[in-house]
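The values are calculated or read from the model by the stated rules, or taken from the named source; none is laboratory data. Bear in mind the structure is a predicted one, so any value in this text is a computation, not a measurement. No Cβ is skipped: glycine too gets one built from the backbone with ideal geometry, and neighbour counts run over all protein chains shown. Accessible surface is based on the protein model in full, side chains and every heavy atom, while ligands, DNA and RNA are left aside. Shrake-Rupley method; radii C 1.70, N 1.55, O 1.52, S 1.80 Å.
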Amino acid sequence: MPKLLRPIALLAMCAAPLAAVATVTVDGQTQTNGTTVTFTKDIAPILQRSCQNCHRPGQMAPMSLLTYQDVRPWVRSIKQRVLSREMPPWGIDPHVGIQSFKNDPSLRQDEVDKIVAWVDAGAPMGRAADMPKPREFDDSAKWHIGKPDLIVTSPPHTVPPEASDWWGSYVVPTGLTEDRYIKAIESKPGKTAVVHHLLTYAVEGDEDADSNGDDSNAEAGEFLNEFAVGKNGDVFPEGAGRLLKAGSKIRFDFHYHAVGQETVDQSQLGIVFYPKGYAPKHVEYSKQLGQPTEPLDIPGGSGFVRSDGYQRFNRAGKITAFQPHMHTRGKRQCIELIYPDNKTEQISCVDFTFNWHIVHVYADDAAPIYPPGTVLHVISWHDNSANKINPDPRNWVGSGNRTIDEMGFAWISWYDLTDDEYKAELDARKGSKKTLTTTASPGQPQ
Ligand code: HEC
C-alpha cells in the first residue's frame with residue numbers, strides 16, 4: 001500500500017488544473033482565448049452530449065436543457081452542479097487511476113471552465129446561426145439489441161403523484177429450462193420519467209432473494225445489466241458471454257421517484273442468447289467482491305471510517321466494469337490491484353452518492369488485466385456525520401441489509417484469461433499509451 005497523501009496535498013493537486021482559462025475584459029465580456037463564450041456556439045454542444053439524455057421532456061431530470069429559453073433560468077444552479085461535479089452523475093475521481101471508459105458522460109476541465117465563464121458573463125445567447133442542429137434521440141420503445149429471445153417483465157409498480165423516493169426490488173422467474181449463454185442484454189423502463197435507476201441481477205432458483213429493498217445481501221445473485229439513460233444495452237464481444245442458469249430468476253432493483261402525477265411502471269429485461277449448446281470462449285462474471293474483512297463499526301458523528309476487503313484471483317483475467325456499493329453514508333470507494341510481486345496499482349476511485357448507482361465500464365484497451373495470484377483490494381469510506389444526507393448522525397451504524405444499515409463492497413465484472421492470453425495482451429499494451437496515473441494514492445475523502 002502506498003502511503004496516503006495528506007488531504008492538503010490532494011487539495012493542492014486538484015486545485016491546479018482549475019486555473020481559469022477565462023479572462024474578463026473591460027466591457028465585462030468574458031472571453032476564452034479572445035472569443036466570447038456564448039450559448040449557441042460553446043455551451044449547447046456540451047449540453048447536447050452530456051445532459052440532454054436526462055434533461056429533456058419525459059425523462060427523469062426535473063427540467064429540460066434543450067433550448068436557450070429552457071436553460072436560462074437554471075444557469076446559476078448549473079454552474080454550481082458542474083463545478084461540484086455532481087452533474088452529469090458519474091462519480092469517478094478524475095485525478096486517480098484509469099480514465100478511459102465506454103460510458104463516461106463527464107465534462108472535461110476545459111468544458112467546466114467554459115460553463116463557469118459563460119455563467120459569470122451573464123449567460124449570453126450568442127448568434128442564432130451558431131446553434132447546433134437539435135440532437136436526435138434513439139427510440140426508447142425499440143430493442144436496440146435486436147429481437148430478444150427472452151423478455152422478463154417486472155410487476156406493475158404505482159408511483160403516487162408525490163412520495164419520497166422508493167428503493168426496492170422485484171424477483172420474477174425467467175421460465176428458462178436449460179442453461180444458456182447471454183449474447184446481448186438490455187433493460188427498458190416502462191415510464192422513463194419515474195425510473196431513476198434500474199439494475200438487473202440473475203438469482204439462482206433456490207436463492208429466493210426477495211430482499212425487501214435490500215439490493216445487496218449475500219444471495220443477491222449476479223449482476224446482469226444497468227439501465228442508464230441514453231444507453232442501448234450491452235452486446236458482449238463475439239466469443240464472450242454470461243451464463244444464465246436454468247430456473248434462474250431476475251431481480252429488478254429499482255429507484256423510483258415521483259413526478260407529480262400518478263404513474264404506473266412496468267419495466268422489461270430483454271435477452272438475446274447464443275445458440276443452444278454453444279459455450280463462449282470467455283465467460284463474463286459479475287459478483288460482489290471485497291466485502292469488509294471485519295463487520296462495519298461506524299460510530300455516530302464520525303467524519304469518515306475506512307474499511308478494507310480483499311479478493312484473490314487464482315487465474316489471470318480482465319476486469320471489465322466496476323460499480324461501488326454502499327448505502328446512504330457511503331462517501332468514497334477505491335479499488336486497487338496488488339500483484340504477485342506486491343506492486344500495487346490504483347484502478348479507480350469513486351466519490352459515492354446513494355442517489356446514483358452507476359456501472360463504470362472500462363474501455364477495452366484500458367480495462368485492467370492481471371496475472372494469476374493478484375489480489376483485488378476494495379477500500380470504502382463511510383461518513384456518519386451531519387454533513388452527509390444521513391438518517392440520524394447520532395446513531396452507531398453497522399453492517400446490515402436494510403437501507404439504514406451500511407455496506408461496502410464492489411460489484412466487479414471480469415473474465416478469466418489463459419496465461420497465454422494474458423501475456424499476449426500485456427505485450428500488446430506495452431509501448432502503447434499509458435492509461436494509468438501512478439502518482440495518486442487512494443486518497444482520503446475530502
Ligand atoms: C443520468 C441523468 C442526468 C444527466 C446525464 C444529467 N442530469 Fe442533471 N439532474 C438529473 C436528475 C435526476 C436531477 C434531479 C435530482 C438531483 O438534483 O440530483 C438533476 C438535477 C440537476 C440540476 C439541479 C436542478 C435544481 O433543482 O436546481 C442541475 C442544475 C442539473 N441537473 C444540471 C445538469 C447538467 C448541466 C448536466 C450536463 C452537464 C446534467 N445535469 C446531466 C439527471 C441528470
Residue match in region 299-316 (condition: at positive phi and open to solvent by less than 30 Å² (accessible area, probe 1.4 Å)): no
Any chance Ala16 is part of a loop (DSSP other than H, G, I, E, B), more than 16 Å from the ligand (Cβ to nearest atom) and modelled with pLDDT under 90: no
Qualifying position, being at pLDDT 90 or above and on the phi > 0 side of the Ramachandran plot, among Gly221, Gly190, Gly175: Gly175
Criterion violated by Lys147 - all others in (1) assigned to a loop (DSSP other than H, G, I, E, B); (2) more than 13 Å from the ligand (Cβ to nearest atom); (3) open to solvent by less than 60 Å² (accessible area, probe 1.4 Å) satisfied: (3)
Test for Gln52: is it modelled with pLDDT of 50 or more, in contact with a Leu (Cβ under 7 Å, 6 or more places away or on another chain) and within 14 Å of the ligand (Cβ to nearest atom): yes
Checking Trp167 against (1) away from the ligand (no atom under 14 Å from the Cβ); (2) within 30 Å of Ala258 (Cβ to Cβ); (3) at pLDDT 95 or above; (4) surrounded by 17 or more Cβ atoms within 10 Å (Cβ to Cβ), the condition it does not meet: (3)
Residues located in region 351-368, provided they are in contact with a strand residue (DSSP E or B) (Cβ under 9 Å, 6 or more places away or on another chain), part of a loop (DSSP other than H, G, I, E, B), over 20 Å from Val229 (Cβ atoms) and open to solvent by 60 Å² or more (accessible area, probe 1.4 Å): Asp364
Within region 220-273, strands (runs of 3 or more DSSP E) holding 1 or more residues that are open to solvent by less than 40 Å² (accessible area, probe 1.4 Å) and more than 21 Å from Phe322 (Cα to Cα): 249-256, 263-265, 268-273
Any chance Gly431 is in contact with a Leu (Cβ under 6 Å, 6 or more places away or on another chain), farther than 19 Å from Ser286 by Cα and modelled with pLDDT under 95: no
Condition broken by Lys343, with the remaining ones in (1) crowded, with 24+ Cβ neighbours inside 10 Å; (2) closer than 19 Å to Val96 by Cβ; (3) of a type in the set (D, E, K, R) satisfied: (1)
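Okay, residues lined up against (1) closer than 30 Å to Pro280 by Cα; (2) open to solvent by 40 Å² or more (accessible area, probe 1.4 Å):
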site	(1), (2)
Arg332	no, no
Tyr370	yes, no
Glu406	no, no
Ala410	yes, no
Asp416	yes, no
Asp419	yes, yes
Residue in region 70-97 that is nearest to Leu337 (Cα to Cα), counting only those that are open to solvent by 80 Å² or more (accessible area, probe 1.4 Å) and near the ligand (Cβ under 8 Å from one of its atoms): Glu86
Considering residues of region 55-69 that are within 6 Å of the ligand (Cβ to nearest atom) and under 17 Å from Asp138 (Cα atoms) only, the residue surrounded by the fewest Cβ atoms within 10 Å (Cβ to Cβ): Met60
